[in-house]
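Worksheet: one structure, shown below.
The values are calculated or read from the model by the stated rules, or taken from the named source; none is laboratory data. What you are looking at is a predicted structure, and each value in this text was computed from that prediction instead of being measured. Note that each Cβ is placed from the backbone with ideal geometry, even for glycine, and that neighbours are counted across all protein chains shown. Ligands, DNA and RNA are stripped out before the accessible areas are found, and what is left, the full protein with its side chains, is counted by its heavy atoms. Shrake-Rupley method; radii C 1.70, N 1.55, O 1.52, S 1.80 Å.
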Amino acid sequence: MVERRTIVFSDPRLSDLEHPAFGARGKRDGPHVVLIAGVHGCEYSSIAAVIRFMSELDTDVLAGSITAVPVVSVQSFEQRSPFVVPEDGKNLNRCFPGSPDGTLAERLAFAVFGQVITGSDAVVDVHAGDLVEALEPFVMYDGGPAEDFARGLAAAYGIRYVVRQAPGPGQTVAGSSSAAAAAAGIPAITAEAGGCGLVTEEAVAAHVRGLDGVLRYLQMSPDGPTPAAPVYLNSFVWPRTPAAGWWEPAVRTGEKVSAGQVLGTVSTLDGGTVLETFTAPAGGVILFVTSSPAVAADGLLLGLGAA
């Protein structure tokens, strides 16, 4: 059976945050897998997918066990705060493995990493495009001691694009749950489908199929899709604008681009002056685009996956 319960972490700063959770144990021994979503509380397709997946899970054929937390950043969800924890303004997915003495986001990352992720055999962090983020589905994994296993998990998710993030300094997405797990030797992936804070059946179904694929890959379930071979990408470029202004992308998510191709411009609000023109440093595919014209200085514009 699937048990519904509530997690309250022992840190007194987190004692008023109740995290809904699922626990499932199969009739046969097998791996222990952790599923989390809502690390960004406005990525609703990912939250809906984990809830659906666990609600429909057949434990009669399951080997091993699953712990699932569908909304990690409860404050962000409740206050509709995209990207950051409203209390401290920090991106929770840049705070792992966290700190017991830090701000709320750092403490929450520490609690989730220590009490949910540590000791597991695999981790899937389910994401979607946030409120101002259009997105082409992709899966990311990190280089490190569990890299080969993580690459297999990523391929099993059945999404076309798989991005490898190199370990060490200079990571594009440093401090993520999956990067911290990878550094600890736990195979982990970040799976992305859906965008602009919308709940769409296409995105939810893609995540559910992906989670089915993960269970099949781990031999926890006899069912699950047989995915096509993905397109592997080995770098992830995230251009930022030095100047605030009006962002006008010249590309769409999923579009293939060539080195030197114009990706978009940032202009003054009266449209009279182009402040910056951004071009592709390499050929690749556009995996996400900031869908809001309003961008701040150092604002993220898009994500380019390159071979």
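Details
- Accessible area (Å², 1.4 Å probe, nearest 10) - V251: 10
- Segment V2..D270, full-extension length gain: 90.9 nm, with 0.36 nm per residue of separation and the alpha-carbon distance subtracted.
- Share, in percent, of DSSP beta bridges within the chain that are antiparallel, nearest 5: 60
- Cα gyration tensor shape for the chain, rounded if a/c is under 1.5, else prolate or oblate: prolate
- Net charge contributed by nearby residues that have their C-beta within less than 12 Å of S65 (K/R +1, D/E -1): 0
- The distance between label points at T200 and H32 comes to 3.7 nm (points 7 Å beyond Cα on the Cα→Cβ vector).
- Only helical runs count toward this figure. For the chain, summing -39,500 (n - 2.57) over DSSP H runs of n ≥ 4 and dividing by all residues gives -6000 deg cm²/dmol at 222 nm.
- Global geometry of the range 115-262, whether rounded, prolate or oblate, following the gyration tensor of its Cα atoms and the 1.5 cut on a/c: prolate
- Counting only DSSP beta bridges with both residues in the range 136-263, the antiparallel share comes to about 35 percent.
- Cα gyration tensor, the range 18-135 - rounded (a/c under 1.5), prolate or oblate: oblate
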